[in-house]
Amino acid sequence: MTDRTDQTDQTDQTGRIDLGPVAQRVTALLSGVSDDQLGAPTPCGDYSVGELLDHFMGFTIGMRDAARKTTGGPGPQPRPGQGSAEGLDPGWRRELPRRLDDLAAAWRDPAAWEGTTQAGGVTMAADAIGLFALDELVIHGWDLARATGQPFDCDRRSAEAVVGLLSAFPEEARGGGFGPVVPVPEDASVLDRAVGLSGRDPAWRAAG
């Protein structure tokens, strides 16, 4: 199916991006993930589906706390580094939608985008971390959809924001989650441009 990026822009009066629509789109994918797909590869480097879901479980907590400007508080804490299929909470189908909702709600607070905050042990401008949270949802949402044979779309404003974020990374500074840029056609959708800038091939499909 064709990715759609022509939906209504999801912004408030300040121009801040509402993470809710993309978070809801990721939640909608979860019911389409079968247990026998957890070991399947994804477009995201060495991540399997199970490892990617475990990463979602962690970063939703970390980015929620970044929005609230709280770190190391009570409750489950994200594990650093790559996700683990073996460490995936068996209750992820129930818990991850709640964490995605909490993440989106936390970033709807205008104060979340002001000043500085911390995520993954790094302190930077809060509005930049908000964009990284959006990037995680859009790109890893696409990863999960492709790996499990599901369609994925997001609003154009969110896709454009990810393009702007990833375009700012010079080639020599790319690494970790950002591989070398994959060229896309001039008439590619905004989402495909974002995917290519993340180092993924928009044509990637699960085997079979």
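Every number in this text was worked out from the coordinates using simple rules, so none of it is lab data. None of these values were measured; they are calculated from a predicted model. With ideal geometry, Cβ positions are generated from the backbone for all residues, glycine too; neighbour counts draw on all protein chains shown.
What is the sum of charges, Lys and Arg at +1 and Asp and Glu at -1, for the other residues whose Cβ falls under 13 Å from the Cβ of Gly115? Its environment carries a net charge of -1.
Between Thr71 and Trp204, what is the spin-label point distance in nm, taking each point 7 Å from the Cα along the Cα→C-beta axis? In this crude spin-label approximation the distance works out to 2.8 nm. Pairwise Cα distances in the stretch 20-153 exceed 21 Å for 37 percent of all pairs. In order along the stretch 153-169, phi translates into HN-Hα couplings of 9, 8, 5, 4, 4, 5, 4, 5, 5, 5, 4, x, 4, 6, 5, 7, 7 Hz, rounded to whole numbers, per the Karplus curve 6.51 cos²θ - 1.76 cosθ + 1.60 with θ = phi - 60° and x for Gly and Pro. Okay, which of the stretch 190-208 sit inside 17 Å, backbone N to the point 7 Å along the Cα-Cβ direction of Ser167? Residues 190-199 fall inside that zone.
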